[in-house]
Each structure stands twice: as C-alpha cells, then as structure tokens.
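Heads up: the structure comes next, in structure tokens.
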Amino acid sequence: MASQGFRNGQSVQDLIAKSRNRKGKKITEKTMPILLFIAALISVLTTIGIVFTLIFETFEFFQRVSITDYLFGTSWLPFSGNNPTFGVLPLILGTLKVTVIAIIVAVPIGLAAAIYLSEYASDKARRTIKPILEVLAGVPTIVYGFFALTFVTPILQQLIPSLKIFNALSPGIVVGIMIIPMIASLSEDAMSSVPNSIREGALALGATKFEVALKVVLPAALSGIISSAVLAISRALGETMIVSLAGGASPTFDFSVTGSIQTMTAYIVQVSSGDAGYGTTIYYSIYAVGFTLFVFTLIMNLLAHYISKRFREEY
Amino acid sequence: MRYIDDSVVMKRMKTRLNRNKGWKALFLTGTLFALLCLVILLVRIVTQGVGYLDWDFITNFASRRPENAGIKAALVGSIYMMCIIAPVSMILGVATAIYLEEYAKKNKINDFIRMNISNLAGVPSIVFGLLGLTIFVRALALGKSLLAAGFTMSLLILPVIIVAAQEAIRAVPQEQREASYGMGATKWQTITRVVLPAAIPGILTGSILALSRAIGETAPLVVIGIPVILRFLPDGLLSEFTALPMQIYDWAKRPQEEFLYVASAGIIVLMLFLVIMNSIAIFIRNKFSKRY
Amino acid sequence: MVQTMMKNENNIKLNVQSSQVVSEELPVVKNNKSTVFGTKDFNLWYGDHHALKEINLDIKENDVTAIIGPSGCGKSTYIKALNRMVELVPIVRTNGEINYRGRNIFGANYQVEELRTKVGMVFQKPNPFPKSIYDNIAYGPRIHGIKNKKILDEIVEKSLRGAAIWDEVKDRLNQNAYGLSGGQQQRICIARCLAIEPDVILMDEPTSALDPISTLKVEELVQELKGNYSIVIVTHNMQQAARISDKTAFFLNGEVVEFDNTDKIFSTPKDQRTEDYISGRFG
C-alpha cells in the first residue's frame, strides 16, 4: 500500500486548499474570454477591411470616371492612350459567359454524381468516390487554368475550327469541372439527410429507385441542391486563374463564346501583373471592378444562405 | 371491382424498370466523367512534366532558358509562407472557434460574427488580394513581403479553419465538459484539458486541408504583386519572395513550348506538396478518430 | 481540520479492507447527524417552466439519500442544483436557498469551483475522458494544483481501490479508459470523483446505462462508500432505492411529496401518491 509519507498526513482536500486561490488562475479565467473575443473580432475586421478598402478606393475611382459611364458603358478600354473608357458591362458579360457555361456543365454532372452516390452507389463505392471527388476540389485553380489552356482549348479547336486560342468556352468548361465536386458533395449531403424511412415508404409501394430519387428525394432535398448550385455560381464568378490563363484579355460586348473575352477577375490580374502606377485611374479601377465582383458574389452567397434556411425541410 | 389492373401494372413495370436502368447508367456516367477528368488532368501533367523533373529543377533558380529553369526560390518561398500562415491562421481560427462554441452567448453581436464568418468564406480570393494590397502592402508598408502575403493568405483561409475547429469542438460530447466541471474545474481548465485535446485531431485535419488550399492559391499573390523571377532566397519576414503557383503561372503564360513542360514539372512539385499535406491530414483523421 | 483528519483515518481503514463488504463497519446510527445540504424554500425555473417548487429537504452526513420519482419530476434537476451544474443551462433561474455546510451555495460570492471540489458527481452515462485510466483519476488533483508525481500515484491507487476497480486495472493504468466495459467505466468515474476526496458524492442515475451485474457492483460500492461520504443518489429504480439508501425523497411534478427513512417510505408511506408510485400504479 502506498504510504502516507509523501503527504505528511494531509488529505487531498488540504493539498487542494493550499494551492487554491493562486492569482494566476483567476486572472486567466477573466482574461481568456476577452482575448478569444478579440480573435473572433479579427474576422469581423477582415470583412470591414474588405468593404472599406473597396468602398474608399472605388470612391476615388468615381472621382475620375462617372458612375453612369462605368455601370452602363459597353466599352472597356482602360489602356487606350488618350481616351480610355471604363464601361464595366463587357467585363460583366465575360464573367457571366464563363459562369453560365460552367453551370451548364457542372449542374447536370454534379447532380448526376450526387444522385448516383446518394441513391444507387453501395456504401463502399460511396466511400471510395467521395474522397476522390474531394481531390478534384483540392486541385489548385492554376493547375486547372493550365489544363484549360494546354489541353481543353486545343481539343475544342479541333472540333470548332473558328475557336480562338483565348475564348470563353474552354475556361467555362474547366470552371465547370472545377465546381462539379462542390455541387456533387453539397447536393449529396442534402439528399443523404432525407430520412431513409421516407425512401422505404416509397420503395415498399413498388417504386423503382429512379422514381424514389425523382419524386421523393429530389423534391425533399431541393433547397439544399439549389443552394449548392447558387454557391457554385458564386465560386465561378470569382474564379480567377482559369479565366486569366485561358480566357484572354479582350473585353468584348457580344455573346460569342468562341472569341477572346475578359472577366472581372482577369482584368484585376492583368493590371496587377503589369505596372499600373499607384494612384492612376487604372489602379483605382481594379477596386471598382473588385467591388462589383464582391457585390455579385455577396448577393449569391446571401441567396444561397436564404434558400437553405427558408426552405429547409423539417423531418 | 378492383381499381388496379394487374396486367396493366405488369406491362408498365418493364418500361419503368428499363427507365430506372437507363437513368442509373446516366448517373453513373456523370460520376465517372468527373473522375475521368481528374485522371486525364493528372496523367497529362505527369507525362508532360516528368521529363523536366530532376534534381537540378529543384535546386535551380528561375531562368529565361527553359532547360536551366528551376523552382528553388518558389519552393522555399512557399514553405516559408506556410510557416507564417499556419500559426497565424490556426491561432486566430481556433481562438475564434473556442469563443463561438464555448463562450458566446446567444445575442446580436455573436450572431453577427457567425453570419460574417459564413459570408467571408464566400468572398473570392482575388478580393482578399485587394485587401492585402491595400492594408498589408501599402497601409502597413510591409511591401511585397513574406509577411504581407502570409497575413493575406491567413485571412483567406481563416473562415475555413474556424468552421473546421467549430465542428471539432462541437463533436466533443457535453458529458465530457460536465465531468470536468463536476470536479471543480474552471471553464478555461475544462477547455484546455478536456475539450481541446479531444478536438485537436479534427482541428488539425481541417487546418491542414485549409493550408493546402492556401499553398495552391495564386490570385491574391498576383494582386499583391509577388515577383516571379527571383534569383535569391528570402532572408527574413520582410524579404521579397516568390511562390510555387506564381512561378507556374509565369511559365504557363510564356509562349515558348518548352516552358509548358517546365510548368508541368512545377505543377507536379506543387501537387506532390499537396498530396503529402493531405496524406498527413488523412493519417491524423484515421489515427486519432475518437469514439465516445 | 480535525474532521478531515478523522476522515483520512477512515480512508486508511477502507484501504486495508479493500474490497470486502464492510457491513460490520456500518456506522452506528447517530440521532443528530449534522446536515450537509439544507434546502430552504428552493425554487427553480427553466425559462417559464417551474421545475422545482418550494423544496425543503435536509440531507444528513454519511447517509445515502435516494431521490425517486417519475421522469420529469425534477429529481435530476434537484441533484444538479446541489453542485450548481444546473447552471450550465443558460436559461435557469433560482430563488430560495441551498445551504452546504451552512452556507448558501447560490449566495453572491460563493465560488462554484470550490463547491464542486467538495461535492463530487457521478453521471448517468459513464463519461471518462478519452485519456489513460491514470490521467482520468489524476485529472481532479491536477486541476487543483497537485503536481507531485508520488502523491498523484498514491491518490490514483487509493481512489481506484476505493472504487473497487484497482485489481481489474492496475496493470493497464496507461491504457485509454474507453477500452473498459461500461460498468468498469462507471467505476472509473467514481474513482475519478473519489480522487479529490469530496465530502459529498452526487450520483445521477449512475446505473441506468449499466447491465445488471455492473449495477450490482456499483450498488455494493455505494454501500462501502457511505462510511466515508455522504451520498445523494437519483434513481428511477425503486428496488435500488430500497436496497441501498437510508433516506428516500419522493419527487412529483417538481415538489417533494414525502421524505423519510427508506424503510418507512416503502412500508408505510404517509401520502397516497407515494403509495401509488411505489406500488407501480404510475411512473
């Protein structure tokens, strides 16, 4: 038996009483929540920083370029010597072209993968395929951009001879491939959270798996699926490296997908990689474009949030 | 009389079953297409780049001539940058998660912080670049330094780390906290001795995945103005540097065909980097997954 | 101080006898045992729900006090009020007094950590930490500043012996406590609680998640422990209350219907509702 020697006959409570009321402990208890709260404020400060940075510099930009010219102008030629024009619509159009193509690619494929994984695949297949899709989501966008420029574009040029080296189609498709995992994974989550009892109810009536998926699971998971698509749109709008490498740098105001374009993000990259002097109109223009992009993605994010909150199914 | 005519049901059964089969095949095709894209992408890059991948490529600086081009400065720069991002983003992220999960009461301020974090996660990375350019590079006069880029990237992945850490902390059962409080432990003791040890595997896994995103991220670095052709290694926090994705971007833009192979070799190095980080994350997840 | 010294000697005795049943050592029934917990006109609300109503209850030293009643009667709430664990629910309000050794624990400058150091708790579901058995037991002493390895070793051994689990785990103190069976885990939790030598042990349905054999072991353990500790045990199992407790309180709808010696409650209850409950007419 352990001897009493080490404690000189003191009980544990005596020992505890001796070491109690150490000042440090009390101070820690008081200060830690404050420090943690300050850390939490960093993320708020980041948002404030983003918003204020964009607003201030954009305001500076509108001192030089009229806001109506910016919002409704159909010509974006900031580098044209004496007479630069800053009409943002071509950039927005370029961004939208890429986004629409991406969504056309990603939503059907992502949804198909989600339905397959959630409704048809065995547990083992699901556990193998999902992590691989996550790998696809983890590939850096610069790699996708390189892939678009050196692989997808040449193939497309074989199919469509009129396709330029820089175009909207190739980056659009590759951005679509990039967001497939996002749609597949979020939609699969939404579908998996539909309780099995509902599926079993339909299967017991003799419905096929397809009928269950289409008429029972999809409607129940619809809000999750739509919000995943909206988030994917937001991601496509803000995608930068793919469109910078494969989309080109000529903002045009037309609906062609075979010609060179420029997106909002690609413009910011173009100016940043060049040497636009600090304080020039071009320098401020990247903030105005960034602000425009920020507003677009913010609306999409809030919309996705709203959809998944508002139409959430209660089981 | 019966409302259901068995013969009609049986006749329709066949088309229904066929339709089920057809759609199943289509859904499978969709899944396989996504996987195929990954395979093509990887095979293509490896076959293009592997010929240029040798020890010289790792130890050489960037060069105008493709055969001499190397990735040393970029590789070292990326590693240094990660050494800034990891502590900064993890300390801030875990602290925020602890605050939100353990201390925050349900009130307007905390709801605002939560909403703010979820929106921040959706801000495009290039916008973070603009923030970094204005605040860190210019206002705080850090220049195009490791520190400026590291801070910018830390803020970029902060929301991801916060969410991962929140989930890990939430997964620690309430009974564990009760057991600790029941012994007379204070709140902070309970957090540091019970909650965090149990949540650490989850936090690490999420953080490593977030870090690997930061390593592959290019857009903020471009906006900050990180140089591409650099023939020296960074020698301090305020030193200029370059990073793997910047170097790849620069090579990919060049017209000479050889540089495309060099870019592929660079991509292989970057992807290996990511594979190693992800393997560590998966290892931690499997090794320390707790059951309660 | 004198009291703690005496208690210490009792502990030593317990160690020597180890796992024998200490029936002959049952304390002589003192007529005026001192009060550990005096509850006076105590009320508790969860938001708008009035969960405990005008509770008056005195818990005596070295008694096993059982609290019985149907689900939702407030018995768990009451036991969690005794160490203020109930305050972990943010919407709780209280009034009235619970006096521990004469001091109101809901009083303005009562340190809740100090209270919980004296009043240990064993929970419904075994909740060891995902740490080694040793670290589980040493957790309490360590958070209270005891760092000396030799003292900790001694406390760990003594607590595990006290919880009658030493022989089962002495060779694997460094293994994760989650490798043990549910019954063993619960005894580890009791040992963890003993490690800070509390004055009172609160047990919130400690056997409800256990199989019959583990339940029996825990019940035997409660019998052994009551020589040194005052024990309050919430149970939904009336036979258990009858087997192990000295006093029994019957709770219904947040009120104490009856509180008396256990044999009295189970043989000649005064209140019709108590009789209905113990004879199984409801609950």
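The values are calculated or read from the model by the stated rules, or taken from the named source; none is laboratory data. Quantities reported herein were computed from a predicted structural model and do not represent experimental measurements. Quick reminder, even Gly has a Cβ in these numbers, built from the backbone with ideal geometry, and neighbours come from all protein chains shown.
Every residue, every condition in (1) away from chain A (no Cβ under 14 Å); (2) modelled with pLDDT of 90 or more; (3) touching a Cys at 6+ places or on another chain (Cβ under 9 Å), yes or no:
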site	(1), (2), (3)
C:MET1	no, no, no
C:SER18	no, no, no
C:LYS33	yes, no, no
C:SER71	yes, no, no
C:SER76	yes, yes, no
C:MET85	yes, yes, no
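Could you please find all residues in segment A:250-273 being surrounded by fewer than 22 Cβ atoms within 10 Å (Cβ to Cβ) and within 10 Å of another protein chain (Cβ to nearest Cβ)?
Hits for segment A:250-273 are A:GLN270, A:VAL271, A:SER273.
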Can you tell which of B:ILE224, B:ILE208, B:ILE215, B:ILE229 is in the same structural domain as B:PHE283 (by TED's automatic domain parsing) and closer than 15 Å to B:GLY93 by Cβ? B:ILE208
Conditions: (1) buried (at least 23 other Cβ atoms within 10 Å of the Cβ); (2) facing another protein chain (nearest Cβ under 8 Å); (3) at pLDDT below 95. B:VAL127 meets all but one. Number of the miss? (3)
Given the condition closer than 30 Å to B:ARG254 by Cβ and either in contact with a His (Cβ under 6 Å, 6 or more places away or on another chain) or among the hydrophobic types (A, V, I, L, M, F, W, C) (or both), answer yes or no: does some residue in segment B:97-110 qualify? no
Search result, residues across segment C:140-169 that are away from chain A (no Cβ under 12 Å) and over 14 Å from C:GLU197 (Cβ atoms): C:ALA164, C:ILE165, C:ASP167, C:GLU168, C:VAL169
Can you go through B:ALA263, B:ALA281 and tell me which one is over 21 Å from B:LEU221 (Cα atoms) and either at pLDDT below 95 or in contact with a Leu (Cβ under 8 Å, 6 or more places away or on another chain) (or both)? B:ALA281
Pairs under 7 Å by beta carbon, first residue within 11 Å of chain A (Cβ to nearest Cβ) in segment B:253-279, partner surrounded by fewer than 22 Cβ atoms within 10 Å (Cβ to Cβ) and of a type in the set (Asp, Glu), six or more apart or different chains? none
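One line per residue, one yes/no per condition, for (1) in contact with a Ser or Thr (Cβ under 7 Å, 6 or more places away or on another chain); (2) part of a helix (DSSP H, G or I); (3) farther than 30 Å from C:GLN272 by Cα:
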| position | (1), (2), (3) |
| --- | --- |
| C:VAL36 | yes, no, no |
| C:LEU57 | yes, no, no |
| C:LYS80 | no, yes, no |
| C:GLY96 | no, no, no |
| C:TYR110 | no, no, yes |
Identify the residue in segment B:231-252 that is surrounded by 21 or more Cβ atoms within 10 Å (Cβ to Cβ) and of a type in the set (A, V, I, L, M, F, W, C) and, among all such residues, is farthest from the other protein chains (Cβ to nearest Cβ). B:PHE241
Quick one: how many residues across segment A:238-249 are in a helix (DSSP H, G or I) and either surrounded by fewer than 24 Cβ atoms within 10 Å (Cβ to Cβ) or of a type outside the set (A, V, I, L, M, F, W, C) (or both)? 2
Spans of helices (runs of 4 or more DSSP H) in segment B:141-223 with at least 3 residues facing chain A (nearest Cβ under 9 Å): B:146-170, B:187-190, B:196-216
Which numbered condition C:LYS125 misses (of (1) in contact (Cβ under 8 Å) with a residue 12 or more places away in the chain; (2) more than 15 Å from the chain's Cα centre (by Cα); (3) away from chain A (no Cβ under 14 Å)): (2)
